[in-house]
């Protein structure tokens, strides 16, 4: 068994572009290769994920037909965690020395909508509006805020923080600050979530190069180590507003189990984490995932956020690059965008959004409907 190191990261900015998803993917790959001081011919295998592109492996036609093994993965919003896990495990188990994980997508404008039959739901579920993402995000946030006495103002604080962080991220889609009041006053989409509390489907790509830790010194003097990647699905009775039709009990979400498994595998605790990336498809999701990942108890988020704990200069910086709210979400690339940010932070290379003191451990959580979560822990 080998330890695994990240030696190169690359991104195509998130937003709206004339380029195809594949072209954006090659941009991210070339950035990661340059970061690691490698050429495409040095890559021994690849793992790629996308929602819109059925065969991300076809990117080798643009990068070079070197004959490498290429595995496609898809796990909704947890796609990139699955790609990261597959890449890291292949190296950890000794099958390869150097590999790359790639995520890319190009989504149409408007809210995410999904054919419910693709995830095991009856057709009528979508026909009556149950599979419009803004609707079930709002329902989930409303229930959580009600159950744990959290105010709508806290959601506005989360969104405003992420817009501020996006200002200093040259790869972000939304790079203008938006005040809490403007966020609260923006059109109500699905209560309690207003327009500016949501991320936007968009376009982009990200790539991460990994290798055996014992050879990482050949490529970088500042490697970041993949300590754990864990993916989990729902257990019976878990609540998921968009696909729940079995009996609902107070059963933890899959993000709870994925996070616990990642911390156990890494041999560290949430208290050891210095920078966090959480799935903030909407502002409510960031609030919910703070507790589900083990960083606080349910209901404690309001005070922590009000006290600035989740700001870049706080004790637990969350979504330092602006998260999904500032970056938008090209599904296949989102988790690798999270990992890209964690690597920059742990290297001390995040520029004006650098967490003070240079953190030594980072955590990322992805949550994909209809109930798949992926948690990743990296350290110096």
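All of the numbers you see were taken from the coordinates with simple rules; none came from a lab. Treat the numbers as computed from the prediction; the structure is a model and nothing was measured. A quick note on method: Cβ atoms are made from the backbone with ideal geometry, for glycine too, and the neighbour counts reach across all protein chains shown.
The strands (runs of 3 or more DSSP E) found wholly in the range 1-103 and carrying at least 2 residues that are on the phi < 0 side of the Ramachandran plot and touching a residue at least 40 places away in the same chain (Cβ under 8 Å) occupy 4-15, 45-49.
When restricted to residues that are surrounded by fewer than 24 Cβ atoms within 10 Å (Cβ to Cβ) and assigned to a helix (DSSP H, G or I), the range 316-363 contains 6.
The residues of the range 170-199 that are closer than 20 Å to residue 308 by Cβ and touching a strand residue (DSSP E or B) at 6+ places or on another chain (Cβ under 9 Å), listed by number, are 183, 184, 197. Being at positive phi and in contact with a helix residue (DSSP H, G or I) (Cβ under 6 Å, 6 or more places away or on another chain) holds for only one residue in 237, 204, 166, and it is 204. In the set (1) more than 20 Å from residue 355 (Cα to Cα); (2) surrounded by fewer than 23 Cβ atoms within 10 Å (Cβ to Cβ); (3) in contact with a strand residue (DSSP E or B) (Cβ under 6 Å, 6 or more places away or on another chain), residue 302 fails one condition alone, (3).
Scanning the range 161-192 for residues that are closer than 11 Å to residue 325 by Cβ and surrounded by 22 or more Cβ atoms within 10 Å (Cβ to Cβ) turns up 161, 162, 163, 165, 166, 172, 173, 174, 183.
Could you tell me which residue of the range 5-32 is nearest to the chain's Cα centre (by Cα), considering only residues that are more than 18 Å from residue 338 (Cα to Cα) and surrounded by 19 or more Cβ atoms within 10 Å (Cβ to Cβ)? In this case the residue turns out to be 21.
Does the range 210-232 include one or more residues that are free of Cβ contacts under 8 Å to residues at least 40 places away in the same chain, touching a helix residue (DSSP H, G or I) at 6+ places or on another chain (Cβ under 6 Å) and under 27 Å from residue 305 (Cβ atoms)? Taking every residue of the range 210-232 in turn, none turns out to be free of Cβ contacts under 8 Å to residues at least 40 places away in the same chain, touching a helix residue (DSSP H, G or I) at 6+ places or on another chain (Cβ under 6 Å) and under 27 Å from residue 305 (Cβ atoms).
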